[in-house]
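The following block contains the structure, expressed as structure tokens.
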Amino acid sequence: MVTKRKFGIIGGDFRQIHLAEKIFRNNNEVFLFGFDKLNNDLPFPVLDNIYEVIEKSEYIILPLPETRDGIHLNCPLSSIGTEFNQKIFNFLKEKVVFGNPKKFTECTEKIKFYDYAKAEEFQIMNAVPTAEGAIKIAMDEKSETLLGKNCLITGFGRIGKILANRLSAFGVDIAAASRNSDELAWAKALGCKCLHLKNLAHEINDYHIIFNTIPSVIFTKDILSKCQKNVFIIDIASNPGGIDKNAAEKLKIKYVHVLGIPGKMFARSAAKIIYNSIQKIIEEENL
């Protein structure tokens, strides 16, 4: 990034802290808002006024996602709930803003947003910590090696492909389930057993560990009732996830629904991915 630019980072998790450090080390000024839960021993200011951060900055970086409830800025490291509203958008005019506030499409025509998470390169690289984190969760829960386990991956997009790649190194028998013929072709090409989702109920009992990447409820009460009793399901799909949680609890099926793995488990690596994406936009758009 060009030196001596002024960046404001409003909201986010530990990814944004590491992102701020990386930007600062490259001889830029950085101002933060939404991190009041942290002890402020950082080499750049953490301010308690979002408008002051925006005013001091040329470039604004929004968190990922910008909001989790459609109302408040995503600030898990802040004790103050900050509405992501029209007043903030009015302050963002004339700024270069990195993010994509999907919940506020009526404002996007007035402000030029650069969606740093949109690029295919970003999404592929961000799938790596998600997949590796999901595998770590599986190993920690089972307290044993994965060698010889039968694992099912439901959905075979970017994360599914990387999961298959990483799991193969552990000596895992891998199957992939999807409705999408292209995804199943990829699974076959990568050496996975292929299963159409419509046949899931007939084969679900074969698997010790299941990784779900499909953001719709496919693990219904009927499907869950046919699982092995000691199955472990790691749901990494965005909300609402893929599991009927009430049914799973009644059937005593062990599962976790984990969102935001990159930020929670690999914040430094995730920050580097965000930084590289923003840097590329700055260079390509000559910002």
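Does A201 satisfy the criteria of being over 26 Å from the mean Cα position of the chain (by Cα), assigned by TED's automatic domain parsing to the domain that holds E141 and among the hydrophobic types (A, V, I, L, M, F, W, C)?
For A201, the condition - over 26 Å from the mean Cα position of the chain (by Cα), assigned by TED's automatic domain parsing to the domain that holds E141 and among the hydrophobic types (A, V, I, L, M, F, W, C) - is met.
Can you go through I234, I210, I278 and tell me which one is modelled with pLDDT of 95 or more and either out of contact with any Leu (no Cβ under 9 Å at 6 or more places or on another chain) or among the polar types (S, T, N, Q) (or both)?
Result of the check over I234, I210, I278: I234.
Taking the residues in segment 116-148 that are more than 21 Å from R158 (Cα to Cα) and out of contact with any helix residue (DSSP H, G or I) (no Cβ under 8 Å at 6 or more places or on another chain) as candidates, determine which candidate is surrounded by the fewest Cβ atoms within 10 Å (Cβ to Cβ).
Ranking the candidates gives S143 first.
Here is a further query. Cβ-Cβ below 6 Å, separation at least six or inter-chain, first residue in segment 168-186 and assigned by TED's automatic domain parsing to the domain that holds A201 and crowded, with 19+ Cβ neighbours inside 10 Å, second modelled with pLDDT under 95 and assigned to a loop (DSSP other than H, G, I, E, B): which pairs?
Here the result reads V172/L146; V172/K149, each pair linking segment 168-186 to a residue that is modelled with pLDDT under 95 and assigned to a loop (DSSP other than H, G, I, E, B).
If V256 meets every condition in (1) under 20 Å from A131 (Cα atoms); (2) surrounded by 16 or more Cβ atoms within 10 Å (Cβ to Cβ); (3) over 12 Å from the mean Cα position of the chain (by Cα) apart from one, which number is that one?
(2)
Same structure again: Report yes if I61 is at pLDDT 85 or above and more than 23 Å from L287 (Cα to Cα), otherwise no.
no
Can you say whether S216 is without any contact (Cβ under 8 Å) to a residue 24 or more places away in the chain and part of a loop (DSSP other than H, G, I, E, B), as far as the supplied structure shows?
Here the answer is no, as S216 does not meet what is asked.
Specify the residue that is farthest from the chain's Cα centre (by Cα); the eligible residues are those in segment 65-79 that are within 21 Å of N40 (Cα to Cα) and not aliphatic (A, V, I, L, M).
Among residues in segment 65-79 that are within 21 Å of N40 (Cα to Cα) and not aliphatic (A, V, I, L, M), the one farthest from the chain's Cα centre (by Cα) is S79.
Select, from S277, S238, S269, the only residue that is outside the structural domain of K22 (by TED's automatic domain parsing) and surrounded by fewer than 16 Cβ atoms within 10 Å (Cβ to Cβ).
Checking each option against the conditions leaves just S238.
Looking at (1) over 24 Å from E144 (Cα atoms); (2) at pLDDT 95 or above, which one does H202 not meet, given that it meets all the others?
(2) is the only condition that H202 fails.
Same structure again: Check whether at least one residue in segment 163-172 is within 16 Å of I234 (Cβ to Cβ) and not in a helix (DSSP H, G or I), and report yes or no.
yes
The values are calculated or read from the model by the stated rules, or taken from the named source; none is laboratory data. The shown structure was predicted, so the numbers you read here are calculated from the model rather than taken from an experiment. Cβ atoms come from the backbone with ideal geometry, glycine included; neighbour counts cover every protein chain shown.
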